[in-house]
Amino acid sequence: MLHSLTRPERLMTLSHFLQVSTQPLLPLDDDDTVAYRALLGRWLIDLALLLGWVRAGRRRPPFHHHRCWDNDEFLALTGLAESDDESDEADEEEIECGRSRSPERFLRLLQQRRAELARITLDPDLPLVRNLELLAGLLGLSEAELAVLCFAVFLHGDRTFHHAIAQQSQSTSTSFLHKLLARLTGLPQDDIRAALSPTGTLIATGLVEIATRNTDLEDKLEVWKDLPNILFAPHADAEALMACFLKRSPRRTLTLANFPHLQRDTAAAVGLLRAALNNKIAGANLLLYGPPGVGKTEYAAVLAAAVGADLYEVDYADEDGDPIRGERRLRAFTLGQRLLARHDNALLLFDEVEDVFEHDPFADLFGGRRGRAAAGKAWINRTLENNPVPALWLTNDADSMNRAYLRRFDYAIRFTVPPQSVRIEIARHHLGDWAGEDDWLARIAAHEHLTPAQLERAAKLARHAGNGDLEANRALVQQALDRSATLLRQKRAPARNVVPTGYDLRFLNVDQDVPKLIAALQRRPQGIFCFHGPAGTGKSELARHIADALEKPLLVKRASDLLDMYLGQTEQRIAAMFDDARQRDAVLVLDEADSFLRDRRGARHSWEVTQVNELLTQMEAFDGLFICTTNLMESLDAASLRRFPWKIRFDFLKPGQRWGLFAQEFARLGGDIAQAAAWKESVLRLDGLTPGDVAAVVRQYELWDETPGAGEFYRRLVAEMAAKREEAVATAANRRKNATAYG
């Protein structure tokens with residue numbers, strides 16, 4: 001391998017096929033392509049002699065033409081078209097003789113010209129020579145690989161050389177190419193074959209591609225899109241050359257302190273990466289997955305900083321901004337691995353990996369469909385097992401990836417929207433310039449679906465488009481976040497734990513001692529609960545109160561969040577819900593649980609049963625606090641009910657609770673409590689009153705910003721209860737109708 005040789009030794013090796021001088025030479029011209037003309041002319045003459053281009057071409061009496069004489073580019077590169085002074089007159093006569101009658105004289109002329117070109121050596125300080133040396137050191141290229149690379153680069157980097165060959169229409173198979181390059185470079189054919197094998201560095205890294213079908217010589221080899229420009233340009237050192245292929249990830253402003261909810265995962269990931277770097281362990285791969293904008297890229301940079309490593313990225317677009325195909329990106333990953341293999345402290349980042357692993361990225365590389373898929377899968381599996389540089393793989397959609405690939409990752413970290421406390425700190429990090437003394441940041445962070453990326457862009461807008469006024473900039477931030485949420489169709493959840501009435505456990509009619517229950521959960525925050533009872537009796541609000549008391553985030557899911565039209569996707573969402581709660585250490589609430597836990601004996605489709613089974617399986621494996629709420633206890637599956645150790649019944653307010661809540665909220669709205677006393681008996685007789693009814697009326701008055709009268713407040717409660725009863729009757733009728741239609 002050339003990387004183990006001294007520079008004089010490397011130059012001697014390169015000189016075998018490049019004619020490189022071991023001493024610096026004066027440049028021939030300001031144009032570097034002129035410096036390479038002697039080499040290209042010699043190669044063209046060799047090709048002409050090897051491939052029979054000197055044999056007779058078309059006949060046009062009275063002249064007998066040769067194929068080379070129809071090729072202006074051939075004549076230009078070989079120098080056979082030049083006649084700049086009188087000393088060339090003899091040569092011109094010889095050339096004319098070759099043009100007209102004598103193939104023997106023309107052959108002799110080519111051999112003479114080749115001998116002259118062979119005496120011209122390349123300056124060792126030419127950019128191409130220097131870059132080939134550097135690349136050999138970075139990638140451990142063999143002499144044959146350098147020769148093939150050099151030929152391919154000139155073929156696509158020098159237009160005159162390319163056209164000179166293209167005009168010959170030389171059909172070329174892969175085996176013929178091996179023979180041809182061996183003769184052209186003077187290297188063993190087996191070495192050339194190895195240099196162009198799929199497992200060789202050139203093909204595996206995508207620096208060179210070989211067409212599998214027979215094609216013209218100029219199209220048989222392709223090179224990395226910008227490779228000729230890279231190798232013909234001067235670079236200060238190996239690091240500068242490497243920067244043309246790999247992007248150094250910018251330093252981020254976040255630290256591990258910004259990811260406290262991932263503390264356990266961080267400990268495992270840092271341990272894995274440090275061990276791989278210190279002990280040179282091959283095949284270390286970490287998967288970061290989750291929806292866009294939740295901080296995966298920032299976290300990857302934080303991990304790199306934590307282990308003291310440089311982070312490099314595999315590009316997803318080329319130098320023109322065009323997206324890179326999946327197979328090309330995998331080749332680029334392999335190139336990055338080989339370039340960094342001798343780097344002591346480096347990590348390689350591969351973002352948007354779902355574009356590569358969700359389908360067969362090798363469609364253009366392998367034969368038939370089955371063989372192609374098998375070969376592509378084997379190639380990826382080998383890559384994940386043998387990569388010398390630890391890799392961080394990022395994806396927005398792990399579900400689309402083949403499980404055979406997922407099993408290859410050493411550790412996987414699932415990213416979700418961070419918990420409330422973390423969101424506040426992230427909001428402070430991005431929006432701290434406008435934080436103020438109030439709870440503005442907390443209100444921003446209360447929207448669970450906002451991502452760090454959205455906060456960052458909103459802050460950017462305020463800095464560039466704001467006028468410096470605090471309230472104006474805050475309004476601009478909020479406007480940007482609202483527009484982004486609308487664009488992304490995000491659900492705008494209400495601020496956490498904000499309720500329209502003054503929450504008080506005294507106004508819950510339940511069959512358990514709630515303060516005693518909360519005290520027990522504070523000691524041991526585990527359990528599976530079913531909160532059941534009529535709508536509006538406080539089931540969801542008690543769940544929020546418990547989360548507050550335990551100082552844990554609240555994760556609320558509804559049927560609409562989990563149900564999916566595609567088979568199996570609902571089950572995956574159910575599993576992800578529990579994973580999310582486990583990772584965030586959240587109190588998990590499944591609202592409207594009856595949508596999933598209906599009696600399986602009435603199921604009409606197999607997927608209805610599998611959804612229930614998945615929910616029950618996940619419940620049993622969950623070691624946190626899980627609360628189901630339902631208004632339809634009677635419709636639940638009997639076997640499912642046995643899985644709930646705690647079933648807490650919520651009922652309508654008792655007479656004393658009715659008056660207590662009425663008086664509290666009436667006074668809170670500014671009403672005259674003495675006036676309300678006249679309505680006490682009427683309120684005590686409001687059978688079926690719930691805290692939800694009172695909350696609905698309170699919202700109405702808050703919107704109007706009016707002080708209620710006691711009689712008016714009472715009448716609105718009665719109207720609210722009547723509307724609720726009508727809705728309940730209509731809902732029951734619809735259920736009976738559907739049961740008849742599909743039963």
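Checking the structure you have, find out if any residue of segment 275-287 is under 21 Å from SER400 (Cβ atoms) and of a type in the set (Lys, Arg). Working first, answer last.
In the first step, residues of segment 275-287 are kept if they are under 21 Å from SER400 (Cβ atoms); the result is 285-287.
Those still in the list that are of a type in the set (Lys, Arg) too: none.
No, every residue in segment 275-287 fails to be under 21 Å from SER400 (Cβ atoms) and of a type in the set (Lys, Arg).
Residues in segment 173-207 that are part of a helix (DSSP H, G or I) and either crowded, with 18+ Cβ neighbours inside 10 Å or among the hydrophobic types (A, V, I, L, M, F, W, C) (or both): how many?
Applying the first criterion (part of a helix (DSSP H, G or I)) to segment 173-207 yields 174-185, 189-195, 201-205.
Then drop every residue that is not either crowded, with 18+ Cβ neighbours inside 10 Å or among the hydrophobic types (A, V, I, L, M, F, W, C) (or both), which leaves 176-178, 180-182, 184-185, 191-195, 201-205.
So the answer is 18.
Looking at ILE120, ILE210 in this structure, which one is farther than 25 Å from LEU241 by Cβ, surrounded by fewer than 23 Cβ atoms within 10 Å (Cβ to Cβ) and hydrophobic (A, V, I, L, M, F, W, C)? Break it down into steps so the answer makes sense when it comes.
Working: ILE210 fails: farther than 25 Å from LEU241 by Cβ.
When all the criteria are applied, what remains is ILE120.
Output the residues belonging to segment 232-249 that are part of a helix (DSSP H, G or I), under 13 Å from LEU138 (Cα atoms) and touching a helix residue (DSSP H, G or I) at 6+ places or on another chain (Cβ under 8 Å). Spell out how you get there, then give the answer.
To start, the set of residues in segment 232-249 that are part of a helix (DSSP H, G or I) comprises 232, 238-242.
Filter once more, so that each one left must be under 13 Å from LEU138 (Cα atoms): 238-242.
Across segment 232-249, the qualifying residues are ALA238, LEU241, MET242.
Go through (1) modelled with pLDDT under 85; (2) surrounded by fewer than 21 Cβ atoms within 10 Å (Cβ to Cβ) for ARG649 and report which single condition fails.
Single failed check for ARG649: (1).
At pLDDT 85 or above, of a type outside the set (Val, Ile, Thr) and in the same structural domain as SER540 (by the TED database): which single residue out of ALA621, ALA603 fits that description? Please lay out each step first, then the result.
Numbers: ALA603 fails: at pLDDT 85 or above.
When all the criteria are applied, what remains is ALA621.
Which count do you get for residues in segment 447-463 that are buried (at least 20 other Cβ atoms within 10 Å of the Cβ) and not polar (S, T, N, Q)? Please lay out each step first, then the result.
Taking segment 447-463 as the starting set, the residues that turn out to be buried (at least 20 other Cβ atoms within 10 Å of the Cβ) are 447-448, 450-452, 454-455, 458-459, 462.
This time we only want the ones that are not polar (S, T, N, Q), so: 447-448, 450, 452, 455, 458-459, 462.
So the answer is 8.
Test of understanding: among LEU632, LEU615, which residue is crowded, with 19+ Cβ neighbours inside 10 Å, modelled with pLDDT of 75 or more and of a type outside the set (Ser, Thr, Tyr)?
Answer to the check: LEU615.
Would you point out which residue out of VAL556, VAL510, VAL499 is at pLDDT below 85 and either in contact with a strand residue (DSSP E or B) (Cβ under 6 Å, 6 or more places away or on another chain) or not assigned by the TED database to the domain that holds CYS628 (or both)? Give the derivation first.
Working: VAL556 fails: at pLDDT below 85; VAL510 fails: at pLDDT below 85.
Residue meeting the stated conditions: VAL499.
Quick check, is PRO388 in a loop (DSSP other than H, G, I, E, B) and at pLDDT 90 or above? Walk me through it before giving the result.
Details: in a loop (DSSP other than H, G, I, E, B): yes; at pLDDT 90 or above: yes.
The answer is yes for PRO388.
Residue by residue, here is whether (1) assigned to a helix (DSSP H, G or I); (2) over 30 Å from LEU625 (Cα atoms); (3) acidic (Asp, Glu); (4) not assigned by the TED database to the domain that holds ALA593 holds:
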{"position": "PHE644", "(1), (2), (3), (4)": "no, no, no, no"}
{"position": "GLU665", "(1), (2), (3), (4)": "yes, yes, yes, yes"}
{"position": "ALA696", "(1), (2), (3), (4)": "yes, no, no, yes"}
{"position": "ARG715", "(1), (2), (3), (4)": "yes, yes, no, yes"}
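Tell me, please, whether a residue that is over 19 Å from the mean Cα position of the chain (by Cα) and more than 30 Å from ARG130 (Cβ to Cβ) can be found in segment 240-251.
Just the residues of segment 240-251 that are over 19 Å from the mean Cα position of the chain (by Cα), to begin with: 240-245.
Subsequent filtering for residues that are more than 30 Å from ARG130 (Cβ to Cβ) retains none.
So far as segment 240-251 goes, no, none of its residues is over 19 Å from the mean Cα position of the chain (by Cα) and more than 30 Å from ARG130 (Cβ to Cβ).
Within segment 294-316, identify whether any single residue is of a type in the set (Val, Ile, Thr), surrounded by fewer than 19 Cβ atoms within 10 Å (Cβ to Cβ) and without any contact (Cβ under 8 Å) to a residue 60 or more places away in the chain, and answer yes or no.
The answer is no; no qualifying residue exists.
What tally of residues in segment 550-576 results from selecting those that are surrounded by 16 or more Cβ atoms within 10 Å (Cβ to Cβ) and either polar (S, T, N, Q) or within 15 Å of GLN420 (Cβ to Cβ) (or both)?
The qualifying residues number 7.
Please find, among ARG428, ARG457, the residue that is among the charged types (D, E, K, R), outside the structural domain of ARG573 (by the TED database), more than 21 Å from the chain's Cα centre (by Cα) and assigned to a helix (DSSP H, G or I). Walk me through it before giving the result.
Working: ARG457 fails: more than 21 Å from the chain's Cα centre (by Cα).
None of the others qualify; the one that does is ARG428.
Tell me the residue from ALA676, ALA695 that is more than 30 Å from ILE528 (Cβ to Cβ) and surrounded by 17 or more Cβ atoms within 10 Å (Cβ to Cβ), please. Please lay out each step first, then the result.
On the way: ALA695 fails: more than 30 Å from ILE528 (Cβ to Cβ).
Exactly one of ALA676, ALA695 is more than 30 Å from ILE528 (Cβ to Cβ) and surrounded by 17 or more Cβ atoms within 10 Å (Cβ to Cβ), namely ALA676.
For segment 581-599, enumerate the residues that are assigned to a helix (DSSP H, G or I) and either among the hydrophobic types (A, V, I, L, M, F, W, C) or at pLDDT 85 or above (or both). Working first, answer last.
Quick first cut of segment 581-599, residues assigned to a helix (DSSP H, G or I) only: 581-584, 593-595.
Hits for segment 581-599 are ALA581, ARG582, ALA593.
If you scan segment 124-145, which residues turn out to be surrounded by 20 or more Cβ atoms within 10 Å (Cβ to Cβ) and not in a helix (DSSP H, G or I)?
PRO124, LEU126, LEU141, SER142, listed by residue number.
Can you tell me which condition GLU681 does not meet? The list is (1) under 55 Å from the mean Cα position of the chain (by Cα); (2) surrounded by fewer than 14 Cβ atoms within 10 Å (Cβ to Cβ), and all the others hold.
Unmet condition: (1).
The values are calculated or read from the model by the stated rules, or taken from the named source; none is laboratory data. Everything numeric here is computed off the predicted structure, so don't read it as measured data. Note: ideal-geometry Cβ built from the backbone for every residue, glycine included; neighbour counts use all protein chains shown.
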